[in-house]
Amino acid sequence: MQAVRLTQTGPIHGRPLEVVDVPMPVRSPGEVLLRVRACGVCRTDLHIVEGELPVLRAQVIPGHQIVGEVVEGGSEEVPNGTRVGVSWVGGVDGDCPYCRRGLENLCDAPTFTGYSVDGGYAEYALARRDFVVPLPAKLEDAHAAPLLCAGIIGFRSLRVAGVEPGDRVGLFGFGASAHLAIAVLQAWKCEVYVATRGESHQRLAASLGATWVGGERDRPPVELDRAVTFAPSGDVVVAALSSLRKGGVVAINAIHLDRMPEFDYDKLLWGERQIRSVTNMTRADARDFLKVAAEANLQPKVTIFPLSEANEALMAVKADGIDGAAVLVPDALLKR
């Protein structure tokens, strides 16, 4: 089968991903074999490829926003032929203190799709049967893929920030995750304030109904109740913090952050303002978000790349050259 494999981390402009022909994966008990129909491209993939996250395997097939059809290993709940989604958390141990408390996103021994196990940059992929989520029929493959990480983690970020209906919410950065979160916020009747670099991202935010749109260094015209940062930058966290009212919360939606700069506690954090990190997601987050997405008829903006152009897709993500999300589709499916 066709697959894209990482054997040596390095800058994406050096094209470290290799397009290869590999054997079909062999299913183990408790797993399903999926025919991949689409796989979203996430900034976390970029962190893995460029070595900003520790290497967990000598070689790996990236990709953790998988839309696939179950072709082997189905069950009564998820029969063969079911279209399902797979996300970043591909499994947990179920027995650590966090899992026992219902906090599986903090599991001590998780499996990460496309990082600790092979992912969806391929024609076929394996997944734990209990970690696949049936997809609503109304969500097309390419539009469903970005929902499976960018959408779910954005949804969790709003929960971590404590967003309530009618809040004034800031989104700092406006890539694949933020442009999905805005739809949820609008369903909750929130005012949305977007600070982001790049005219194309600013235009996209305005076209999606943001109350206010400014540059990455601009301050929203009102104090915010909640804020979520989407850029892997400590400076952006401080900018969001400086926009909060007393008692407000900033949720950091980033698996990797460059640094946290020094800031003035008395001016920015005092007053029971909070900074919270967002870690992974749970299966409950996935189910709840996909229900909201289907009810809202969420149709994320996507740019489709052939699987063989995975390097180019990640280059575009790094350069913020895409409005919305990048999605890989196996070459054979695009030729039909």
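Where a number appears in this text, it was derived from the coordinates with a stated rule and is not lab data. Owing to the predicted nature of the structure, the values given are computational and were not obtained by experimental measurement. Cβ atoms come from the backbone with ideal geometry, glycine included; neighbour counts cover every protein chain shown.
Of all DSSP bridge pairs formed entirely within region 151-277, close to 0 percent run antiparallel.
Straight-line reach from Lys138: taking Cα to Cα under 13 Å and skipping same-chain neighbours fewer than 8 places apart, the aspartates and glutamates in range are Glu295.
Taking the number of Cβ atoms within 10 Å of each Cβ as an exposure proxy, the fewest-first ranking of Cys99, Cys39 is Cys99, Cys39. Rounded to the nearest 10 degrees, the angle from helix 178-187 to the longest Cα principal axis of the chain is 70 degrees. Straight-line cross-link reach from Lys267 at under 27 Å between alpha-carbon atoms covers these lysines, not counting any fewer than eight positions away in the same chain: Lys246. Projecting the Cα atoms of Ala227, His179, Val250 onto the charge dipole of region 151-277, computed from C-beta unit charges around the Cα centre, puts His179 farthest toward the positive end.
Taking a straight line from the alpha carbon of Lys189, these aspartates and glutamates sit under 14 Å away, with near neighbours fewer than eight places off in the same chain left out: Glu164, Asp167, Asp225. About its Cα centre, the chain has a charge dipole of approximately 440 debye under the convention of +1 per Lys or Arg Cβ and -1 per Asp or Glu Cβ, with nothing else charged. In terms of other Cβ atoms within 10 Å, Thr196, Thr211, Thr7 run from fewest to most in the order Thr7, Thr211, Thr196. Residue by residue, region 39-48 carries 3J(HN,Hα) couplings of 9, x, 9, 10, 4, 4, 4, 5, 4, 5 Hz when phi is fed to the Karplus relation 6.51 cos²θ - 1.76 cosθ + 1.60 (θ = phi - 60°); x denotes Gly or Pro. For the chain, adding -39500 (n - 2.57) for each run of n ≥ 4 DSSP H residues and dividing by the number of residues yields -6500 deg cm²/dmol at 222 nm.
The magnitude of the dipole of region 151-277, with charges of +1 and -1 set on the Cβ of Lys/Arg and Asp/Glu and taken from the Cα centre, is near 240 debye. Neighbour counts of C-beta atoms inside 10 Å place Tyr98, Tyr115 in the sequence Tyr98, Tyr115, starting with the fewest. First check a/c for region 151-277, with a ≥ b ≥ c the square roots of the eigenvalues of its C-alpha gyration tensor; if it is under 1.5, answer rounded, and if not, answer prolate when a/b is larger than b/c or oblate otherwise. Here region 151-277 falls in the rounded category. Dipole magnitude for region 17-76: computed about the Cα centre from +1 point charges on Lys and Arg Cβ and -1 point charges on Asp and Glu Cβ, it is near 40 debye. Between region 1-20 and region 223-297, what is the separation of their alpha carbon centroids in Å? Each part reduced to its Cα centre gives a spacing of 32 Å. Show the residues, 5+ positions off or on another chain, whose built amide H is closer than 5 Å to the amide H of Val92. Amide H neighbours of Val92, under 5 Å, 5+ apart: Thr111.
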